[in-house]
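A quick write-up on the structure given underneath.
The values are calculated or read from the model by the stated rules, or taken from the named source; none is laboratory data. This is a predicted model, so every value here is computed, not measured. Don't worry about glycine lacking a Cβ; one is built from the backbone with ideal geometry, like all the others, and counts go over all protein chains shown.
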Amino acid sequence: MPTIRIDLEALQQEGLIGADLARLIAARAQPDGRAGLFVNLALIMGALAVAAGTIALVPNAGTGLVLALVAIGAAEGLRRLAPGASLKVLSAGLALMGVLGLAGWVGFEYRDVDEATMPALLITLILGAGAAWFRSGFLAAMSVLALGAVFGTGTGYWHACYGLFVEEPLVTIGVFGALAGALYMVREHAAEAWAGLAGIAARTGFFLMNFGFWVGSLWGDDLGPRYRYTEAQSWEDWRAATTHIPDTLFSIVWPIMLIGVMVKAKRGGFLSVTATVFLAIHAYTQYFEVFGAEPETLLLGGVGLIGLAVLGVRFLKREVRTA
């Protein structure tokens, strides 16, 4: 519900309300929470400074683990003992610091492990448990993203550049498509607090499923235990021993799935809008993949987009008239 600010004295002077109604409104007014928010944020910044100073003085993984556990304990204590919602922001901040710190400690401890499946699963469980315990939508989204690392899906950063990588598009599509569908079904029958978490996790899974389609539509996918090419074998031998799914199949199935979501989902809702965005991304990507950035193709593509925009406007106006 939006917050509305009114001047009771001005309303009384204009004769819009009487003194009795003004007193009733003033008695039911909610207190200004800006001072409490400032206190909470100051305490969070202080906690971050203490943590940074402690790690700098005792720079080892054990220090980070202890601080993470202390932050989780403090968050739980404040959640249970603090009166009302006075320290709710501080509790949420400490919960994020503690759970993310614990997940980071796991990643640091297993940084030299050749097979990253076990630490990725452990981090996923930690983030998921933190999301459920502290009712944190942010941690719910992070837990789904962490699960992507199990299948070689993630992001990277280097100087002024960001990258997206999906090593197994078909598996990514299957796992996160099923996860998103299951979570949406759970959301329909869950209590309000759990429905929100399920919805956030489902939307994150829907994003990752589309990322799998995007990468698959460009390079296809290779299945089997030898899906990763190594220089120890020739390209011809590797290709002959590996089942390859062509990018054409992904390019055809993806828009069909997106159009189906657009038709079935609530108009203007998250699924409908996101499906529309990814359909535009797919069209944009395939356009340059097929035709390239030549002057003639750019001209034809621009004319085509203008035509589609005009048709879209007419279609929307017709829907408004018939509604």
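Which of the residues spanning region 107-131 are surrounded by fewer than 20 Cβ atoms within 10 Å (Cβ to Cβ) and in contact with a helix residue (DSSP H, G or I) (Cβ under 7 Å, 6 or more places away or on another chain)?
The answer is 107, 108, 109, 110, 113, 116, 117, 121, 122.
Take the conditions modelled with pLDDT of 70 or more and outside the structural domain of residue 218 (by TED's automatic domain parsing) and apply them to residue 313. Does it pass?
Taking the combined requirement at face value, the residue does not satisfy it.
Please tell me if residue 54 is surrounded by 14 or more Cβ atoms within 10 Å (Cβ to Cβ), polar (S, T, N, Q) and at pLDDT 80 or above.
In short, no.
For region 172-200, how many residues are in a helix (DSSP H, G or I), over 12 Å from residue 140 (Cβ atoms) and at pLDDT below 90?
Count: 3.
More than 25 Å from residue 215 (Cα to Cα), free of Cβ contacts under 8 Å to residues at least 60 places away in the same chain and not in a helix (DSSP H, G or I) - does that describe any residue in region 118-127?
No, every residue in region 118-127 fails to be more than 25 Å from residue 215 (Cα to Cα), free of Cβ contacts under 8 Å to residues at least 60 places away in the same chain and not in a helix (DSSP H, G or I).
The rows are residues; the columns are (1) more than 19 Å from residue 266 (Cα to Cα); (2) in contact with a Gly (Cβ under 6 Å, 6 or more places away or on another chain).
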position: 156; (1), (2): yes, yes
position: 173; (1), (2): yes, yes
position: 178; (1), (2): yes, no
position: 198; (1), (2): no, no
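So in region 132-148, with the set limited to residues that are in contact (Cβ under 8 Å) with a residue 60 or more places away in the chain, more than 20 Å from residue 74 (Cα to Cα) and out of contact with any strand residue (DSSP E or B) (no Cβ under 9 Å at 6 or more places or on another chain), which one is surrounded by the fewest Cβ atoms within 10 Å (Cβ to Cβ)?
Here the residue is 141.
Do we find that residue 275 is in contact (Cβ under 8 Å) with a residue 12 or more places away in the chain, hydrophobic (A, V, I, L, M, F, W, C) and assigned to a helix (DSSP H, G or I) in this structure?
yes
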